[in-house]
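Values in this text are rule-based calculations from the coordinates and carry no lab data. Worth saying up front: this structure is predicted, and the values here are computed from it rather than measured. Note that each Cβ is placed from the backbone with ideal geometry, even for glycine, and that neighbours are counted across all protein chains shown.
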Amino acid sequence: MDFNVKKLASDAGVFFTRAVQYTEEKLGQAEKTELDAHLENLIARADCTKNWTDKIFRQTEVLLQPNPSARIEEFFYEKLDRKIPSRITNAELLGQYMQDAAKDFGPGTPYGSTLITVGEYQKRLGGAEREFLQTSAINFLTPLRNFLEGDWKTISKERRLLENRRLDLDVCKARLKKAKLAEAKAANDARHRAHGHRARDEFSVTLERTITRTIMPKIYFLSSILIRAAVNELNKFLKRK
């Protein structure tokens, strides 16, 4: 249980960092690693192929089976992996009606014999239509469905994985950039501190030298001159007395 909680927390953290990176990229606040131009072209072609294939597939279904209820029923049969029951076509149904009517009118009557002949050909047309629908569904719709439900799902999965890895890469690059800036700032601060310490030491040394080697000797020298002058003046005054 602990492992699952930790994994869940880790996955949530990864999702959050990816979301932040994606949002900052959209706002122009983060750098984005650009994909190879050839790959970008392939992705654009895949999107175009998927969109048009989906439209062609849907419209072909409408053409082959205009009845929405029948299409929904066939969809459920496919999802349940059950054989779709064979339906009589409208042309076949019309031909059957003509032959049934001919029996009532009598096959020996002109109307009845005509209905028998036309009804037979109408049923043949309906059978050809049903065969055409079945053949089209197998030979035309099946490859399109395989692409949409198989190949496209694989492409989409790989694209999501690639995008996630790209976001992870850019998150790491952003963190590395911030770390380098922080490291450079710390190094710069350390350099300034070192310069400050050196300047302070040099000032202290210069101050001590100035006091002990320049100012104090000069003061002592001046003081000695003044003292000697004062003594001389005092001696002269005493001699006059």
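Here are some notes:
- Theoretical FRET efficiency, 1/(1+(r/R0)^6), r = Cβ-Cβ of Asp100 and Tyr121, R0 25 Å, to 0.05: 0.95
- Out-of-range pairs (alpha-carbon distance over 27 Å; input Lys153/Lys173; Lys26/Lys50; Lys83/Lys157; Lys50/Lys173; Lys32/Lys157; Lys32/Lys55): Lys153/Lys173; Lys83/Lys157; Lys50/Lys173; Lys32/Lys55
- Surrounding net charge for Leu144, when Lys and Arg each add one and Asp and Glu each subtract one, Cβ distance under 11 Å: 0
- Summed residue charge, Cβ within 12 Å of Trp52's Cβ, Lys/Arg positive, Asp/Glu negative: +2
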